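Report on the following structure.
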Amino acid sequence: MRIHLLLFYFIAAQVCAQAPQFSQFYTNPLYQNPALAGDAGTPRLIVNYRNQWPSVGTAFQTAAFSFDTYAEDAQVGLGVQALHDRRGGMLNSTHLTGQVSRLFYLDAKQHLRLTPGLQAAWISDRWNGDNLTFVAQYLGSNDPLAQNGVSSNRVAFSSGLRFDYDPQNDYEPFYWAGVSYHNMGFRDNDWLRERWGVQLGAQFPLQIRVFGNGYGRDLDRESALSMALQLRKQGLNKQMDIGTNLIFSPLLVGIWYRGLLIGTKRRDAIVGTIGWARDNLLFQASYDLTVSSLGTGTGAFELAIWYGFDALFRFAGKNSSARRRTRCLRY
């Protein structure tokens, strides 16, 4: 019994405390940084789904449903998210979160912007041993963990900060940086642990010729190269995501790397992504090709869908004056 409890403690401490991850982290802004709530400038619905290691059954599955909006007069962003994470048939986690952000202009031209954000979350974790065989059962007795699941319910708070440089000109680059601190104060908890994140990004407008005559801009297309970097630390776990998306509306293609640049266990996965983005809708799919010692049979499939109540994406062509100057695709 003591051996089994020790094993359970090891599993809880090493597995439960690690938060879910998304390869398309830039398509799940509310999960990464509460300061990104309302960044679209219009009401927006987001669905994210990740199936990791599908070759071994339902090992890791994560689904998130988000809604955020922006009150332009008050310069306040509001968001809510429901996330469910399933780790096999034993570990399940549910997150219900609310975010608020406030935009501040730092210069008279409104090119420099600073946005702090806060998040409150109710997090429920449950461990269920119904599908396991315990040592006590071989000895002819019932193990209490086999009959009753172990659960933990917590209220946690998170904070974030985002800085943007937006020249408000379709021909100039856009830059942004963010920092986030999730589950503030949970340093030694077995179920929930603090998580730090740093996000950097930029978008560079491109002029791509179409059929040899004119540029993408002339055909009311958006053409740009978007780059982003995320650094994440939770407990002893460290992770980096870096990559780029080429946008030639409505097509989006990208390549990303997840892992570290130094260390003995630095390699994780190469992520290829393809998407379709136009007006109110974004549809993007990706696949993780594992390059670590786990082998290529342990990849992951991911899907993201955005829907905006107003036009989400910017276009620099002849009709750009009729569209709202939102920033979604830049992230």
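Read-outs throughout are calculated quantities, based only on the coordinates presented, and are distinct from any laboratory measurement. These figures come from a predicted structure and were not determined experimentally. Glycine gets a Cβ as well: all are built from the backbone with ideal geometry, and neighbour counts include every protein chain shown.
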Query raised in the report: Quick one: length gained pulling Ser292 to Leu260 fully straight, 0.36 nm per residue minus the C-alpha distance?
Result: 10.4 nm
**Report entry** Length added when fully stretched, Tyr49-Val198, from 0.36 nm per residue minus Cα-Cα
**Finding:** 51.4 nm
Query - Residues with amide H under 5 Å from that of Leu206, placed H, sequence gap 5 or more - result: Ser223, Ala224, Leu225
Query - Spin-label pair Gln239/His84, simplified geometry with 7 Å Cα→Cβ offset, distance in nm - result: 2.1 nm
Report task. Measure off 7 Å from each Cα along the Cα-to-Cβ vector at Leu96 and Ser152, then give the distance between these two points in nanometres to one decimal. Result -> 2.0 nm
Query raised in the report: Taking the simple approach of a point 7 Å from Cα along Cα-to-Cβ for both Phe163 and Ile305, what is their distance in nm?
Result: 3.8 nm
